[in-house]
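Okay, structure first, notes after.
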């Protein structure tokens, strides 16, 4: 049976950013199911975390911040992060009665009558006065294109489809990407693989010492400047560098993290550089990140000449009814929490001020 109806706010996505926004809406007095609907396309709670590979244990996760109003405590660092975070998100949804509807896919958001937005989904259409988009990036893995890619006889895998290191046993693996996922994959795969080669477009930057609040603010400010100018956001890690922890140090010392410049083409049996060097490969693992999942917003024509969506804080500059959270500077877990609060504060103003909690 399809649902239709008018609400004040639709939240799309129930990952860290979406749940943070839903929490602040609830706290402010917007009632789940009556004033607010939270839609999530995933089969269960956990956002993108539920799809992480099993070998990414909770103890290996960097910078996981608790959701507002409820700490994540006592988690076993040896358990898969997918299990720990999914259970935590499920408990959070229950604790604050957020009533997430899932699985619901959003097909399009369009202009509706009376300055409302129409959110067309697999479960019907909602009419709303404001929209908080928290769809993240997991649904849009980025696959670079290189000459000869279609001729490769081996297997090509993206981080989104990575299931663990065992599947690479005895194989020659080229890992592409200089972010946290690329280094984690390499360190895991190396003991199993026949050989590994690490290639990145830019030399990786490793960060020593603590990453304090001032450094964090400076890094986020650089990402914010891009979205303020309407440019596609870069990841926060692209401006912070990679933390030089014990595992990274060991990988550098053993040669596992011996970075090579990006190859120029892909051959049927591996990869090749313009200077004639070749590396044979059975697998190319693309740890090349993700792009924001925003195709459903295309009917609103929000993208600017720079290819991105220009924001003022979390608010879309061209349309104050729409907020993007978990996008660009708020893509980290702590950033998502702050963005959810900021979006709700602006929406309260848009919809004529605070509401009283229902008795």
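The values are calculated or read from the model by the stated rules, or taken from the named source; none is laboratory data. This one's a predicted model, so the numbers in the text were calculated from it and none came from an experiment. Cβ placement follows ideal geometry from the backbone for every residue including glycine, while neighbour counts extend to all protein chains displayed.
Structural remarks
- Residues of the range 308-351 satisfying the condition of being assigned to a loop (DSSP other than H, G, I, E, B) and either at pLDDT below 75 or in contact with a helix residue (DSSP H, G or I) (Cβ under 8 Å, 6 or more places away or on another chain) (or both): 308, 309, 310, 313, 314, 325, 326, 327, 331, 332
- Check on residue 35, at pLDDT 95 or above and farther than 18 Å from residue 84 by Cβ: yes
- Checked against the criteria, residue 266 counts as touching a residue at least 24 places away in the same chain (Cβ under 8 Å), surrounded by 14 or more Cβ atoms within 10 Å (Cβ to Cβ) and assigned to a strand (DSSP E or B).
- Residue in the range 294-307 that is buried (at least 19 other Cβ atoms within 10 Å of the Cβ) and touching a helix residue (DSSP H, G or I) at 6+ places or on another chain (Cβ under 9 Å) present: no
- Counted residues, the range 323-343 - those being in contact with a strand residue (DSSP E or B) (Cβ under 9 Å, 6 or more places away or on another chain), surrounded by 24 or more Cβ atoms within 10 Å (Cβ to Cβ) and within 21 Å of residue 109 (Cβ to Cβ): 10
- For the range 24-55, filtering for residues that are surrounded by 18 or more Cβ atoms within 10 Å (Cβ to Cβ), more than 16 Å from the chain's Cα centre (by Cα) and either free of Cβ contacts under 8 Å to residues at least 24 places away in the same chain or closer than 22 Å to residue 140 by Cβ (or both) leaves 2.
- Count of the range 153-195 residues, restricted to those that are in contact with a helix residue (DSSP H, G or I) (Cβ under 6 Å, 6 or more places away or on another chain) and assigned to a strand (DSSP E or B), is 2.
- Condition met for residue 103 (surrounded by fewer than 17 Cβ atoms within 10 Å (Cβ to Cβ) and modelled with pLDDT of 95 or more): yes
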